[in-house]
Amino acid sequence: MGRWSQVRESSRLTDLARLEHCQTVARLEPRRLVSPALLRLSLVTFGDSWALLIGNARASLLSTRLECFVRGRTPKRKLLPVFQIHHHHQKMMKPTSLCRASSIFLLLLPPAPAAISSGRLGFCSMPNRNFHDPHQLLSYVRTNCRAGGGGDGITSVGDALCCFGKMIQMNPLPSSRDFSLLLGALVRMKQYSTAIRLIEQLHSLGIEDNHFWLTISLNCFCRLQQADLGLSILGRILKLGFPITVVTSSTLIDGLFIQGKTDQALRFLDDMGQNGPEPNETTYAIVAKGLCRAGNTRLAIELLRDWEERSCTINSFTYGIIIDSLCKKGFVTEALRLHENMIRKGFKPNVVIYTTLIHGLCNVGQLKDALVLLEQMTSQGIQPDLFTYSSLVHCLCNRGQWKDATVLFEKMMKAGIEPDVITYTSIIQGVCNSSQLKEAQRLLSHMVQRRVMPDDRTFNILVDAHCKEGMLVEAEAIVDQMIRLGIVPSSFVYNTLMNGYCLQNRMKDAMEVLNLMVERGCSPDVACYSTLINGYCKVKRVDKSKMLFQEMLQRGLIPDVITYSTLVNGFCQVGNLEGAAELINEMQSRDLSPNHYTLSALLDGLCKTQQIDKAMILLRKMEKSKFVPDIVAYNILIHGMCNAGKLDDAKGLFDCLHARGMHPDVCTYNIIMRGLCKEGCTEEANQLLKEMEGNGCFPDGITYNTIIQGLLRDNENTRAAQLVGKMVERGFSANITTMELWVKYLMTNGAPSFCS
């Protein structure tokens, strides 16, 4: 058997039903017969697992006899030995005389998944009970399989299959209702394929269909997005004379919506209204949910209005579904209008609807309205839950109101609502964004004390905040704490640490972090290498950057646009424009298009080497390509022209900005003013200051310092003194150069008068 067949076989032999057939090597006993129905059930259910046990030749023989049975032909040999399967620590199972199975649904099902995901094993994990007593077994099933039955509940597929295996060995067999309870437990675990297979196995035991199993089968097929098979089950229900209940019809409508058959679902709803059974509140909720899920929220609202006019049986849950869909789409005003309408109709919104609206208001930034709604719900005796508070805390933190978020956080705990990791992480991010790192540490300690385990995102936020503040020792301590709590740091955490060291030009320490993450089994990604490459480029170690670039290629990592752009900028900073151009050609050969940052870096390199003509050619090419240059590119070129003494060209390009659809920013004005002042054109610079304010671009400290320095150098001391007063009024201060010139002026002329 091929490797892929072995992998597929291994993944399909996990649950107990397969284990009981395949765990121990089969023993051939030629005196016993196997019924065609059992053969068919076993081969369809277990597929090529038989091939692994008995060899390809015997599996082929079984397959041939199954094919003969399905086609109605008689095999050449009438007798076929049966396999007696020995289960570990159990007695040999007695052969059962089986009736011919009639259903073909098993053939249409996909291969069964592993017993259960998310940690549930396919082995029996029930308490050590004496289930040889049928009464005790059935009592356990009736208590633990009934929804809300008050028992511990069966939460493992292995437990359910273990019970099923013992139940089918009972004589007489349990009632259909007992089997239905067990099947219902599997459905609640979303093990739809397994439930259908067990129903087919019950058919093979000669147990006739009943209304419970047919309804369960219909539900399972609908959940598996096989509504056509669900319709076949509906036909069988009609053929057997069972009533079509509103539950059956609603389930089928849900299945049609799940499969995207909206028109068919709506036609079925119309048929229910005309021929019965009459749709109930669950039916209408299913239709509303199906339409909203398909993006037809407007149609859902129209149908809701129609149901209201016809006095159909609808409940607040239907309103809540549509309100939720409107909020997710950002139509909060319409959601609030629908909320008011449902109150007028006599429906009382619950905490879920209020929380949905509050969350929607927070998402669109209407915090004040969200807080008003919070007061409204509490005044009506509806207590906010964890999700309500978490939405508000998150919104407050995003707006920088971390103190208000903390007050609400404390209020939530006083109300007896324990915050979860999401709530803690939101408020930690809020205080970190406001640089309140001690408060963030306190909150981290608080959540650990209350046994709320921080997750990877919590630590990412803390490490990032401390690195940005230059507190690298504290950041490393947080990573160590993370490891002590059993949380493996991600590449993002290590990358954040490396970036922190790079910001301080501590490249040796940054490289040690890279080596450490490799030692701990965390593979560095493209972002990690890009961070280190950028750090070395900033300290003009382009040779080391190139080595790291080659290393990431050897690791099989594909550089992205950011990596290439960083290297291009590094090469340009050291004047290696040929190397930068080669990198751009290389990235284009990898189907990576240079972005604005890449081309601006090359433009800056050309200007710094005073290759203004080549820079202008590049700008013209950018203007004609899909990469329309932004204001940054123009600022670079204007700055290069000013530095090269081409003030007239700089002024000409500046004057053309509006015609090219560009709006000069404060940086643009500062560059051209510096060029004017350098050439002694302070009057023109002063006029430009007035013009920028008239255009709605407000000067900053650099603007004032640039013009003041130009005025002082030209001995325009009175005007300089007036501008100093204006600068101070606007909250800006003089830089070192301005202070030196100002002190020199004071020593010569004495204290100034700021009167105009």
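We did not get these values from a lab; they are worked out from the coordinates using the rules stated. Since the structure is predicted, the reported quantities are computational estimates derived from the model, not experimental observations. Here the Cβ is made from the backbone with ideal geometry for all residues, glycine too, and neighbour counts use every protein chain on show.
Summary table below
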quantity	calculated
Violating pairs (Cα-Cα greater than 26 angstrom) within the set 190/411; 540/646; 678/744; 468/544	190/411; 540/646
Highest average packing first - 380-388, 189-197, Cβ atoms within 10 Å	189-197, 380-388
Where trypsin sites (Lys or Arg not before Pro) fall in DSSP loop in the range 620-727, at most 13 other Cβ within 10 Å	626
Inter-part distance where the range 504-555 and the range 162-219 are each reduced to a Cα centre, Å	59
Calculated from backbone phi, Karplus (6.51, -1.76, 1.60) coupling profile of the range 551-564 in Hz, x at Gly/Pro	4, 5, 5, 5, 7, x, 8, 9, x, 9, 4, 5, 4, 4
